[in-house]
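So the structure is just underneath, and the comments pick up after that.
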Amino acid sequence: MEVDEGIGNTPTNPLEIEEERHFRRIVCAFKYYKKNSLARINKTEAYLDSLPGHHQDMLFKYKQHLGVIRQCVEKNEKIINHIIKDVDSMFANVHPDNADNHYSNINHLSMSNEFERVETTLKQLVRDWSAEGAKERLMCYQPIIDEVLKNFPPSQCDPGNIKVLVPGAGLGRLAFELARNGYQCQGNEFSLFMLFASNFVLNGIRSTNAYEVFPWIHQANNVLKAESQIRGILFPDVNPSDLPPTSQFSMAAGDFQEVYVDPEHWDCVATCFFIDCGHNIVSFIETIYNILKPGGVWVNLGPLLYHFADIPNENSIEPSYEVVREVIEKIGFVIEKEETNVPTTYSLNQESMLQYEYKSVFFVCRKPGLRQNGINHVDQSSAVQGDLGSPDTVPCQNGLNHVDQSSAEQDDLGSPDTVP
């Protein structure tokens, strides 16, 4: 679907109608963030006021704390307003006409899952774009970056001709870092929650620590100190427009298996907390194999928290890693490096009394092909400057990649690997 076509016209195609309805529902979740959050605070305060007087006296500091959380909600609302400011112009099949009517007709009382995804998005800002998230990025992103540099060393090839794809890119930091190392990199994401926020960060911010978010105010359990729950996190820790002048970096929206169908197009596919997001992990692995050039490299890190396993009315298979490993080899990959029990976290609140840690798998696989001088042989003549091979990619704006959102996946479940 081409960008900037059909805007201003009422959709008639049933699929487009459903896509727009889904889009409006996600935007509505952001718009009702403040109202929903304050309603929960009001409910807690009402119950607190019903307690015996001497109980209320002992909980005086707690009541004050609720007032501070209310102020933090107001501040988060300002971030959310930035996130959704320009979303109506992001898709060709989303029409700004009568948008307010669309939102007013949505029953926001039935959107608890969507509200939770908005809160997850705020936490994702910390993981990808704050100094606090640096430790987590070192765990999850740096091993992947190191392997890309090892397999495609700038001293032996032109990184600008090396096409790297990052499916499940989230808010885009891993893809950004690969582009900052000179590679021709494209991130892919299907979640509108992630796409809205990544568009804001990548295309809307030109400085460091320009905003402050309060991501932990909705986590009321396992709080050791009240100030931990209300602490603000500055972002971004780097300038998102700080890329080399020749960098080629883009974000593309849509279902991974529908968007990437051209065979033997990519030199490297880098996946982080991604391969467990589909209904059929075998199909994901086949797609990765098919889109890689002969000799291409797949670098993966993450657990197997199968996304659809516990969702009613959704199909899912959940093979063990032992079985997944066999599938990888049967499809044709050669496993060149493998580590298990790699400690990793995901959007972890470092000051919470409850700490989740995955024992992830990290591996590097190669699609059989030519190798020269100990590295993958790439046909650089096929790497066209500015062309990542995706029909949904648009040129850079103001020196920064423009995030192009075509048809995003309808079954938008946000960030699949976030622990409650």
Can you find a residue in region 39-56 that is within 29 Å of the chain's Cα centre (by Cα), of a type outside the set (D, E, K, R) and within 28 Å of P215 (Cβ to Cβ)?
yes
Which condition number does N203 fail, the rest of (1) without any contact (Cβ under 8 Å) to a residue 60 or more places away in the chain; (2) touching a His at 6+ places or on another chain (Cβ under 8 Å) being met?
(1)
Could you give me the residue pairs with C-beta distances under 8 Å whose first residue belongs to region 66-77 and is within 23 Å of Q56 (Cβ to Cβ), whose second residue is modelled with pLDDT under 95 wherever it lies, and which are 6+ apart or on separate chains?
none
Residues located in region 310-368, provided they are of a type in the set (S, T, Y), assigned to a loop (DSSP other than H, G, I, E, B) and surrounded by 13 or more Cβ atoms within 10 Å (Cβ to Cβ)
S316, T345, Y346, S347, Y356
I need the full set of residues from region 161-218 which are under 19 Å from A253 (Cα atoms) and of a type in the set (S, T, N, Q), in order please.
Q184, Q186, N188, S191, S198, N199, N203
Filter result (assigned to a helix (DSSP H, G or I), open to solvent by 20 Å² or more (accessible area, probe 1.4 Å) and touching a helix residue (DSSP H, G or I) at 6+ places or on another chain (Cβ under 7 Å)) within region 23-39
R25, K31, K34, N36, L38
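Let's see how each residue does on (1) modelled with pLDDT under 95; (2) in contact with a helix residue (DSSP H, G or I) (Cβ under 7 Å, 6 or more places away or on another chain); (3) open to solvent by 40 Å² or more (accessible area, probe 1.4 Å):
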site: V87; (1), (2), (3): yes, yes, no
site: F91; (1), (2), (3): yes, yes, no
site: D100; (1), (2), (3): yes, no, yes
site: V118; (1), (2), (3): no, yes, no
site: A131; (1), (2), (3): no, no, yes
Can you pull out the residues in region 195-228 that are in contact with a Ser or Thr (Cβ under 6 Å, 6 or more places away or on another chain) and surrounded by 15 or more Cβ atoms within 10 Å (Cβ to Cβ)?
A197
Between residues in region 332-360 that are hydrophobic (A, V, I, L, M, F, W, C) and residues that are assigned to a loop (DSSP other than H, G, I, E, B), which pairs lie under 7 Å by C-beta distance while being six or more apart or on different chains?
F333/K367; V334/P368; L348/Q355; L348/Y356; M353/N222; M353/L224; L354/N222
Here are the criteria: (1) outside any helix (DSSP H, G or I); (2) surrounded by fewer than 13 Cβ atoms within 10 Å (Cβ to Cβ); (3) modelled with pLDDT of 90 or more. Tell me which single one N42 does not satisfy.
(1)
Here is a check on your reading of the model: is L138 part of a helix (DSSP H, G or I), at pLDDT 95 or above and surrounded by fewer than 19 Cβ atoms within 10 Å (Cβ to Cβ)?
yes
Go through region 271-301 and count every residue that is among the hydrophobic types (A, V, I, L, M, F, W, C) and in contact with a strand residue (DSSP E or B) (Cβ under 8 Å, 6 or more places away or on another chain).
11
Of (1) over 19 Å from V361 (Cβ atoms); (2) under 18 Å from the mean Cα position of the chain (by Cα); (3) open to solvent by less than 10 Å² (accessible area, probe 1.4 Å), D267 fails just (2)
Going by what's in this entry, would E20 be described as of a type in the set (D, E), more than 17 Å from F214 (Cβ to Cβ), assigned to a helix (DSSP H, G or I) and at pLDDT below 95?
yes
Could you check, for region 51-58, whether at least one of its residues is touching a helix residue (DSSP H, G or I) at 6+ places or on another chain (Cβ under 7 Å) and farther than 22 Å from I84 by Cβ?
yes
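The values are calculated or read from the model by the stated rules, or taken from the named source; none is laboratory data. Please read all numbers here as calculations on a predicted model, not as lab measurements. No Cβ is skipped: glycine too gets one built from the backbone with ideal geometry, and neighbour counts run over all protein chains shown. In case anyone asks, the SASA skips ligands and DNA or RNA and just uses the protein heavy atoms, side chains included. Shrake-Rupley method; radii C 1.70, N 1.55, O 1.52, S 1.80 Å.
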